[in-house]
Amino acid sequence: MNREALEAYLTGTYAVAPDRPWARHPDDVVFRHTGNRKWFALVMRIPGSRLGLPGDGLLDVVNVKCDPLLIGSFRELPGIYPAYHMNKGSWLSVSLEEAGDETIKVLINMSYDLTAPGKRKGGGGF
């Protein structure tokens, strides 16, 4: 999935507008809930070395919140890494080039649900 397809999916599926909160990083895009303004997806272009990959080639990623009980299993899949610049215990960085489209959509949906208005901090309702 490329950035344009991802952004179209996010705006079309969740009826949200992209937010570019950092003037110094105009390519970084945040997608938030309209009710509580919490992020559920952060799209960035970062050097692969920030994820422990060799070289400094740029990589498009989306950061998503994940159920902490599932994070280890997802990290075993291709293109899924401990989150860059976020809490690694509850967020993942997902390479748009490496991870499959369906995996990306499942993770975004989980992130959307986990950050929805009315959710308790750290809880998935368990």
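Does Val106 satisfy being among the β-branched types (Val, Ile, Thr), under 28 Å from Pro117 (Cβ atoms) and touching a helix residue (DSSP H, G or I) at 6+ places or on another chain (Cβ under 7 Å)?
no
Quick one: which residue in Gly79, Gly72 is modelled with pLDDT of 90 or more and surrounded by fewer than 14 Cβ atoms within 10 Å (Cβ to Cβ)?
Step by step, each of Gly79, Gly72 is checked, and only Gly72 is modelled with pLDDT of 90 or more and surrounded by fewer than 14 Cβ atoms within 10 Å (Cβ to Cβ).
Within the stretch 82-100, restricting attention to residues that are buried (at least 20 other Cβ atoms within 10 Å of the Cβ) and of a type in the set (A, V, I, L, M), which residue is farthest from Glu7 (Cα to Cα)?
Within the stretch 82-100, the match that is farthest from Glu7 (Cα to Cα) is Ala83.
Out of all the residues in the stretch 51-69, which are over 22 Å from Lys38 (Cβ atoms) and among the hydrophobic types (A, V, I, L, M, F, W, C)?
Of everything in the stretch 51-69, those that are over 22 Å from Lys38 (Cβ atoms) and among the hydrophobic types (A, V, I, L, M, F, W, C) turn out to be Leu51, Leu53, Leu58, Leu59.
If you check Phe126 against the conditions, is it at pLDDT below 90 and more than 18 Å from Arg32 (Cβ to Cβ)?
yes
Quick check on the stretch 1-48: of everything there that is within 23 Å of Ser90 (Cβ to Cβ) and among the hydroxyl-bearing types (Ser, Thr, Tyr), which residue is modelled with the lowest pLDDT?
Ranking the qualifying residues of the stretch 1-48, first place goes to Thr34.
Can you tell me which of Asp113, Asp19, Asp101, Asp28 is free of Cβ contacts under 8 Å to residues at least 12 places away in the same chain and either within 13 Å of the chain's Cα centre (by Cα) or at negative phi (or both)?
Asp113
Yes/no matrix, rows are residues, columns are (1) within 22 Å of Asp27 (Cα to Cα); (2) surrounded by fewer than 16 Cβ atoms within 10 Å (Cβ to Cβ):
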| position | (1), (2) |
| --- | --- |
| Met44 | yes, no |
| Glu102 | no, yes |
| Leu114 | no, no |
| Gly118 | no, yes |
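Within the set of pairs 6+ apart or on separate chains, which have a first residue in the stretch 42-67 that is free of Cβ contacts under 8 Å to residues at least 40 places away in the same chain, a second that is outside any loop (DSSP other than H, G, I, E, B) and of a type in the set (S, T, N, Q), and C-beta atoms under 7 Å apart?
Gly55/Ser49; Asp56/Ser49; Leu59/Ser95; Val61/Ser93; Val61/Ser95; Asn63/Ser93
The values are calculated or read from the model by the stated rules, or taken from the named source; none is laboratory data. Given the structure is predicted, the values throughout are model-derived calculations rather than measurements. Ideal geometry is used to build each Cβ from the backbone, glycine not excepted, and the neighbour counts take in all protein chains shown.
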